[in-house]
1. Would you be able to tell me the number of residues in the range 87-98 that are surrounded by 19 or more Cβ atoms within 10 Å (Cβ to Cβ) and out of contact with any helix residue (DSSP H, G or I) (no Cβ under 9 Å at 6 or more places or on another chain)?
2. Might you check whether a residue that is more than 18 Å from residue 9 (Cα to Cα) and touching a strand residue (DSSP E or B) at 6+ places or on another chain (Cβ under 9 Å) occurs anywhere in the range 26-40?
3. Any residue in the range 41-58 that is at pLDDT 85 or above, within 13 Å of the chain's Cα centre (by Cα) and not assigned by TED's automatic domain parsing to the domain that holds residue 113?
4. Give the residues of the range 107-127 that are out of contact with any helix residue (DSSP H, G or I) (no Cβ under 8 Å at 6 or more places or on another chain) and modelled with pLDDT under 90, sorted by residue number.
5. Take residues that are surrounded by fewer than 15 Cβ atoms within 10 Å (Cβ to Cβ) and touching a residue at least 40 places away in the same chain (Cβ under 8 Å) and tell me which of the helices (runs of 4 or more DSSP H) falling wholly in the range 18-80 contain 3 or more.
6. Take residue 84 and decide whether it is out of contact with any helix residue (DSSP H, G or I) (no Cβ under 8 Å at 6 or more places or on another chain), assigned by TED's automatic domain parsing to the domain that holds residue 13, surrounded by 10 or more Cβ atoms within 10 Å (Cβ to Cβ) and outside any loop (DSSP other than H, G, I, E, B).
7. Those residues that are free of Cβ contacts under 8 Å to residues at least 24 places away in the same chain and either in contact with a strand residue (DSSP E or B) (Cβ under 9 Å, 6 or more places away or on another chain) or surrounded by 13 or more Cβ atoms within 10 Å (Cβ to Cβ) (or both), I need them from the range 1-12; list them, please.
């Protein structure tokens, strides 16, 4: 995971693992940032929000489409992880997104279970549909 700290312009990267995010948290806490902003990545950002959030850092998750729109507006069309990190930091500094409380652990667990249930229901429906059009031993 690529990191860009503003206004210093410092770049770094850490592994998206408990150890990597833990080391990032250890670096950020002494800096006392106004906000720690990350892009929503379909759940892959959960470590990047959980560990710093539990340490009291103000974590904000932004929809990726907003970041991409901002990048286009400022004329940054290239898409690499370091550039994305810089654009996210610039977005956070320029747009000043609202800090919303992240869902607690129980709410996240319930959301994950609900999402998984929906996935399983879709798979079940797909299998039922396949069985209705198949013949022979596959149907038995």
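1. The number of residues fulfilling the criteria is 2.
2. Checked the range 26-40: at least one residue is more than 18 Å from residue 9 (Cα to Cα) and touching a strand residue (DSSP E or B) at 6+ places or on another chain (Cβ under 9 Å).
3. No: zero hits.
4. 107, 109, 111, 112
5. none
6. no
7. 10, 12
Okay, residues lined up against (1) touching a strand residue (DSSP E or B) at 6+ places or on another chain (Cβ under 9 Å); (2) in a helix (DSSP H, G or I):
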| site | (1), (2) |
| --- | --- |
| 88 | yes, yes |
| 94 | no, yes |
| 102 | yes, no |
| 106 | no, yes |
| 109 | no, yes |
| 113 | no, yes |
| 117 | no, yes |
| 121 | no, yes |
| 124 | no, yes |
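The values are calculated or read from the model by the stated rules, or taken from the named source; none is laboratory data. Just so it is clear, the model here is predicted, and its values are computed rather than measured. Cβ atoms come from the backbone with ideal geometry, glycine included; neighbour counts cover every protein chain shown.
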